[in-house]
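Here is the structure we will look at, set down as structure tokens.
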Amino acid sequence: MTLKIGGGVYGAAVAWHLARRGEAVELLEAQTIASGASGGPGRRGVRANCRDHRELPLMARARELWPALHVQLGTDPLFERTGHLQLIERPIDMPKAETRAALQNRFGIETAYLSGAELRELEPDVAPAVTAALHCPGDGVAFHANTTRAYAAAAVAAGARIREGVWVERLVAREGVVEAVVTSDGEEIPVGRKLLVFANSSVRMLVAPWLDLPTWNLALQVLVSKPLAANPVRHLVGHASRTLSLKREPDGRLMISGGRLGRWDHETGRGTPIAEEIAANVADAVAVYPSLAGIEIEAADTDHLEAESIDAVPMIDQLPGNPHVIYAAGWSGHGWAIAPAVTELLADWALEDRRPDLLAPFAVSRFAAG
Ligand SMILES: Cc1cc2nc3c(=O)[nH]c(=O)nc-3n(C[C@H](O)[C@H](O)[C@H](O)COP(=O)(O)OP(=O)(O)OC[C@H]3O[C@@H](n4cnc5c(N)ncnc54)[C@H](O)[C@@H]3O)c2cc1C
């Protein structure tokens, strides 16, 4: 039996992979499936463009999986290929973008460095200040909450047990070896053959007796506009020097995000949006697409905590002295897109007791002194 903590995309997808391969799986989720970073309004970016080079092979595999994932999970389409544009305004960002285009192409991620004129053929409404862009035509967007719930439903159909409303307080160890978990109701649940800790914002707390994970939690902000008569944004859009990400929704709304923050309340377990952060996000959007001037924001969401890591690259590893305990955290605002590939590999690791080569770069030993 494999016990898992966390019902986000990582917990739900690995539960599906394991259950369909005949493993008995129990998943413990503090709230409901997709109530953490894998939930919330709109869609998430499925972007290879501008990722750390260690994540590019994972992204190449994820982009093979995304288009037909809904067929495997028996649900409505989840992914739309829009292409991603990383917009550039400052000359200092241009040489890096040209170099990055070459790097990404070497990893099989088709990427083009576009001049201002070439960019305007794809995205005619960008401001004159935007003078270049990095274009990844294979990137897109996906419905995150629907995908996560579809993984969970498919896991249950394959035999997994999912328990919602179960908060895991700590791991129980005898002489350093993890044997069980304890819930906030005092229930002690044996870990079985494997324990997979995919509780994102709680991973640091749960593994703290063994190691001090260099991660922290952020209440990332997403703004959703009222429907626009004419939406000028055609692609998934990012920006080299502004804290900005833009997604066009199928109903004419625009999502504005990119890394601005709300204030997290530990008592309520919810985020409160900050007026200045909303205004700054909108101002950046209008600076890049002037026709968005006057855009009205319908909702500001900061309710979904994400763990950020010190080098903005996830930590995927086994607990020291406990090869049967695997944890993954620190997705740093971009763990969504790679999830179909990473969860496939995590299931292999759990079943075959061997760390897949593609996950080796994400071990915490990369921070070891000396
Ligand atoms: C606003 C926002 C925008 C984002 N945009 C993008 C994007 O465009 N592209 C991209 O690639 N990525 C994006 N990300 C990142 C991506 O969504 C996350 O990296 C990914 O969803 C993390 O999945 P997870 O399963 O690890 O975590 P989560 O979805 O957070 O799941 C963890 C689950 O564990 C549960 N849990 C926590 N503690 C406990 C406990 N002690 N006991 C039991 N259960 C517990 C939580 O309730 C939660 O449901 C974004 C994230 C946010 C928040």
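The values are calculated or read from the model by the stated rules, or taken from the named source; none is laboratory data. Computed from a predicted model, the values in this text were never measured in an experiment. Cβ coordinates were reconstructed from backbone atoms using ideal geometry, including for glycine residues, and neighbour counts include every protein chain displayed. These accessible areas exclude ligands, DNA and RNA; they are computed on the full protein's heavy atoms, side chains included. Shrake-Rupley method; radii C 1.70, N 1.55, O 1.52, S 1.80 Å.
Would you check which residues across region 91-127 are of a type in the set (Gly, Ala, Ser), farther than 19 Å from ALA48 by Cα and touching a helix residue (DSSP H, G or I) at 6+ places or on another chain (Cβ under 9 Å) and list them? Within region 91-127, just ALA127 meets the criteria.
Listed here are the residues, each with its yes/no results for (1) buried (at least 22 other Cβ atoms within 10 Å of the Cβ); (2) of a type in the set (Val, Ile, Thr); (3) within 16 Å of the ligand (Cβ to nearest atom).
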{"residue": "GLU277", "(1), (2), (3)": "no, no, yes"}
{"residue": "ALA287", "(1), (2), (3)": "no, no, no"}
{"residue": "SER309", "(1), (2), (3)": "no, no, yes"}
{"residue": "GLY335", "(1), (2), (3)": "yes, no, yes"}
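In region 121-138, the residues that are assigned by TED's automatic domain parsing to the domain that holds ARG242 and farther than 19 Å from GLY45 by Cβ form Cβ pairs under 6 Å with partners that are β-branched (Val, Ile, Thr) and buried (at least 19 other Cβ atoms within 10 Å of the Cβ), at six or more places apart or across chains, as follows: ALA127/VAL288; ALA132/ILE88. Close Cβ contacts (under 7 Å, 6 or more residues apart or on different chains) running from residues in region 345-370 that are over 16 Å from LEU213 (Cα atoms) to residues that are modelled with pLDDT under 95 comprise ALA350/THR2.
Just one of (1) more than 26 Å from ALA62 (Cα to Cα); (2) within 25 Å of the chain's Cα centre (by Cα) fails for LEU78. It is (1). From the list LEU28, LEU58, LEU18, LEU73, the one residue that fits, being within 12 Å of the ligand (Cβ to nearest atom) and more than 27 Å from GLY258 (Cα to Cα), is LEU28. Here ILE162 clears all of (1) within 14 Å of the ligand (Cβ to nearest atom); (2) exposed (fewer than 15 other Cβ atoms within 10 Å of the Cβ); (3) under 23 Å from the mean Cα position of the chain (by Cα) except the condition numbered (2).
When the criteria are applied in full, ILE316 fails the requirement of being more than 16 Å from the chain's Cα centre (by Cα), assigned to a strand (DSSP E or B), at pLDDT 95 or above and closer than 30 Å to ALA173 by Cα. Just one of the numbered conditions (1) within 9 Å of the ligand (Cβ to nearest atom); (2) on the phi > 0 side of the Ramachandran plot; (3) touching a Leu at 6+ places or on another chain (Cβ under 8 Å) is not true of ARG47: (2).
Taking every residue in region 167-179 that is part of a loop (DSSP other than H, G, I, E, B) and pairing it with any residue that is surrounded by 13 or more Cβ atoms within 10 Å (Cβ to Cβ), at least 6 positions away or on another chain, the pairs with Cβ-Cβ distances below 8 Å are TRP167/ALA30; TRP167/THR183; GLY176/TRP210; GLY176/ASN322.
Here is a check on your reading of the model: is LEU351 at negative phi and touching a helix residue (DSSP H, G or I) at 6+ places or on another chain (Cβ under 6 Å)? Can you show your working first?
Working: at negative phi: yes; touching a helix residue (DSSP H, G or I) at 6+ places or on another chain (Cβ under 6 Å): no.
Spelling it out, it is not the case that LEU351 is at negative phi and touching a helix residue (DSSP H, G or I) at 6+ places or on another chain (Cβ under 6 Å).
I want to confirm something. Restricting to region 180-193 and keeping residues that are among the small types (Gly, Ala, Ser) and in a loop (DSSP other than H, G, I, E, B), which single residue is surrounded by the fewest Cβ atoms within 10 Å (Cβ to Cβ)? Per the criteria, the residue is GLY186. Looking only at region 327-370, which residues are of a type outside the set (A, V, I, L, M, F, W, C) and part of a helix (DSSP H, G or I)? Passing the criteria: PRO340, THR343, GLU344, ASP348, GLU352, ASP357, PRO361, SER365, ARG366.
Among the residues of region 110-152, which ones are more than 16 Å from the ligand (Cβ to nearest atom), in a helix (DSSP H, G or I) and either surrounded by fewer than 19 Cβ atoms within 10 Å (Cβ to Cβ) or β-branched (Val, Ile, Thr) (or both)? Walk me through it before giving the result.
Within region 110-152, the subset more than 16 Å from the ligand (Cβ to nearest atom) is 110-135, 137.
Those still in the list that are in a helix (DSSP H, G or I) too: 116-122.
Passing the criteria: GLY116, ALA117, GLU118, ARG120, GLU121, LEU122.
Condition check for GLN104 on (1) crowded, with 20+ Cβ neighbours inside 10 Å; (2) touching a residue at least 60 places away in the same chain (Cβ under 8 Å): one failure, at (2).
I need the strands (runs of 3 or more DSSP E) fully contained in region 1-61, keeping only those with at least 3 residues that are open to solvent by less than 30 Å² (accessible area, probe 1.4 Å). Break it down into steps so the answer makes sense when it comes.
Values: elements: 2-5, 25-29, 44-46.
Here the list reads 2-5, 25-29.
Within region 228-235, does at least one residue satisfy the condition of being closer than 23 Å to ASN322 by Cα and either more than 10 Å from the ligand (Cβ to nearest atom) or in the same structural domain as GLU26 (by TED's automatic domain parsing) (or both)? First the steps, then the outcome.
Restricting attention to region 228-235, the residues satisfying the condition of being closer than 23 Å to ASN322 by Cα are none.
No, because not a single residue in region 228-235 is closer than 23 Å to ASN322 by Cα and either more than 10 Å from the ligand (Cβ to nearest atom) or in the same structural domain as GLU26 (by TED's automatic domain parsing) (or both).
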